[in-house]
Ligand code: BDP
């Protein structure tokens with residue numbers, strides 16, 4: 001595995017990229033729904049019918065035609081936190097949604113779909129009582145193609161049968177048990193609540209039969225100018241035109257053909273905290289130059305490289321500061337709320353953050369649009385979490401000594417992993433904010449059985465990404481320089497560390513500090529040319545609980561804990577990123593280490609600051625963007641955000 005990847009490699013591999021080769025496992029276009037001159041996207045969000053189906057009898061009783069005694073529930077949202085009884089909140093099994101919509105007669109002859117931003121864990125979609133499509137995975141979009149079975153100029157009935165059971169061969173990994181009263185109960189192998197429902201936007205879409213299916217871009221910078229190589233995939237052979245506009249709507253470049261180059265004079269680059277976006281407009285034209293299809297999106301011109309231990313954005317080193325996050329809020333659970341998201345981005349801006357990781361699953365696509373617009377870098381993470389036995393004491397087969405990736409379920413899990421990677425990279429590859437892929441969180445990466453699994457997954461992802469972004473995974477505490485078998489696959493070494501919390505907390509933190517520094521020296525020795533980024537470090541902190549002198553869980557202890565890490569980072573030339581766990585407190589399952597959820601937030605679940613937020617803000621605002629930039633590129637030295 002090369003320790004340095006660069007834009008030249010990206011351009012060299014351009015021909016092997018997603019549009020060309022991928023799509024094998026995809027049954028539909030993953031472009032975000034847009035209203036354009038040739039397309040319609042009508043929101044189906046609102047109040048839907050809903051019912052739990054603990055006996056799994058819905059299908060045999062024809063609930064796909066009409067759910068009897070349906071409750072009324074908002075979409076998008078998780079269902080769990082609406083109800084006042086535990087059985088509903090912790091429900092595990094099948095559950096149903098339904099709604100009705102009218103389809104205009106004029107849409108006949110076009111490709112018509114119902115597009116879910118996500119639903120799951122498994123989804124079966126029915127239209128007018130008939131099964132239309134199935135999808136697995138709860139964090140990525142899919143479409144139900146209803147072109148041939150919908151009633152035009154009439155009302156249609158849409159139903160979904162979803163299931164939120166967890167198992168060892170699907171992501172996120174967990175297990176499902178049956179309680180003595182016969183109820184199913186999900187045991188996540190991960191530390192976030194197993195929220196479920198239709199949690200993202202739903203659209204009814206119409207586009208021409210000959211339509212734009214996907215597109216990709218790779219930019220390179222030449223002095224003041226830039227080139228954007230593009231490739232468009234369409235469902236037909238008609239002429240394609242591609243135009244690029246600046247935010248004032250002035251045309252800055254155009255080209256013809258399914259592949260080509262957009263040449264931009266005096267290009268404005270997408271920079272951290274200073275996000276300049278261009279609008280790309282892709283059209284299909286018939287022989288008379290009449291418009292067949294049109295798709296519009298916002299892209300940025302930027303390059304990403306990992307070189308000599310630095311992360312380079314547009315050739316200049318960037319020191320990452322920010323958070324691991326969750327899609328999580330009161331009442332709506334994991335449901336998309338653009339209002340909550342807006343608040344989170346304002347918090348990140350206020351505190352001086354420039355990066356977050358989509359721990360531990362791909363987020364709603366609207367969130368990446370916000371990151372593009374705010375100039376915040378994103379490590380985009382696959383939902384590959386829980387791939388380690390015994391973690392949180394909840395995972396599968398507690399007494400099974402077999403290394404995780406040596407187990408029988410690993411082959412099935414890998415097939416699912418490749419599917420979600422294809423969906424994630426296809427969906428997110430054009431976002432300038434996305435600069436790195438995290439392919440797993442805290443997997444078993446200390447056994448030899450992990451190596452072939454990792455090799456396949458890392459190579460697969462690299463082939464799919466036209467921009468050849470750096471790849472990584474977030475390492476569990478036991479993956480140390482001397483024990484890790486898989487760090488070689490990472491372009492950036494990402495560490496999740498809890499010295500001073502789970503290990504040696506309180507007054508013993510001085511021993512923890514020593515261990516942390518020793519580990520850092522170990523990585524500097526083992527992987528001298530690789531950047532080290534802390535993707536997690538944090539201490540549970542009860543807001544407004546304090547004590548002099550500090551105790552664990554108090555606000556003072558959170559500050560002391562962070563200070564200890566920051567001193568260690570400042571001493572290590574190889575650490576080029578600090579992503580704290582977590583931006584906000586978040587909901588988890590119940591347990592003796594969780595007081596109504598995980599409290600490692602720098603902000604509460606209601607998005608208000610703990611005291612550490614203010615000290616963190618001072619640090620992050622004072623660090624130059626190219627902190628520790630050293631020799632990699634002198635031009636950027638001293639820049640601040
Ligand atoms: C890490 C996990 C994260 C947890 C965190 C914690 O990656 O999901 O929430 O620890 O324990 O193991 O707070």
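None of the figures in this text is laboratory data; all of them are computed from the coordinates on show. These numbers were taken from a predicted model, which means no experiment stands behind them. Ideal geometry is used to build each Cβ from the backbone, glycine not excepted, and the neighbour counts take in all protein chains shown.
Nearest-5 percent of antiparallel DSSP beta bridges in the stretch 276-388? Provide the component values of the computation, followed by the final result.
Details: 15 of 21 bridges.
Rounded to the nearest five, the antiparallel share is 70 percent.
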Using eta = 0.692 mPa s and T = 37 °C, Stokes-Einstein with Kirkwood Rh from Cα pairs puts D for the stretch 304-622, in µm² s⁻¹, at 165
Given an 8 Å cut-off on Cα distances and at least 6 residues of separation, report the relative contact order of the chain as a percent.
14
Restricting things to alpha carbons, find the Rg to Rh ratio for the stretch 212-299 using the Kirkwood radius for Rh.
0.99
Distance in Å, no decimals, from the C-alpha centre of the stretch 438-461 to the one of the stretch 170-226 is 20
With a Förster distance of 22 angstrom and the Cβ-Cβ distance between residue 408 and residue 447, calculated FRET efficiency to the nearest 0.05 equals 0.90
Extension gain (nm, one decimal) between residue 288 and residue 455, 0.36 nm per residue minus Cα-Cα:
55.2 nm
For a label point 7 Å from the Cα of residue 502 along Cα→C-beta, name the residues of the stretch 330-365 whose backbone N is under 16 Å from it.
360
Of the listed peptides 187-198, 59-70, 597-608, what is their order by residue-averaged count of other C-beta atoms within 10 Å, with the highest listed first?
187-198, 597-608, 59-70
What does a probe at residue 276 reach in the stretch 345-371, counting residues whose amide N is under 17 Å from the point 7 Å along Cα→Cβ?
none
For the chain, the Cα gyration tensor yields equivalent-ellipsoid semi-axes (√(5λ), largest first, whole Å) of 37, 33, 22
When DSSP assigns beta bridges and you keep just the ones with both residues in the chain, what percent turn out antiparallel, to the nearest 5?
75
If R0 is 60 Å, what FRET efficiency do you get for residue 35 and residue 521 from their C-beta distance, rounded to 0.05?
0.60
State the three equivalent ellipsoid semi-axes of the stretch 503-550, derived from the C-alpha gyration tensor as the square roots of 5 times its eigenvalues, in descending order and whole Å.
29, 14, 6
Report the extension gain between residue 47 and residue 61 in nm, rounded to one decimal, defined as 0.36 nm multiplied by the number of residues separating them, less their alpha carbon distance.
2.7 nm
Alpha carbon centroid spacing (whole Å) that separates the stretch 65-83 from the stretch 306-336:
33
Net lengthening on full extension, residue 181/residue 169 (0.36 nm per residue, minus Cα-Cα):
1.7 nm
Distance-filtered residues of the stretch 212-228 - backbone nitrogen under 17 Å, label point 7 angstrom along residue 235 Cα→Cβ
212-215
Pop a pseudo-label 7 angstrom from the Cα along the beta-carbon direction at both residue 266 and residue 151 and give the gap in nm to one decimal.
5.9
Kindly state, to the nearest 0.05, the FRET efficiency for residue 622 paired with residue 340, given R0 = 35 Å and r defined as their beta-carbon distance.
0.75
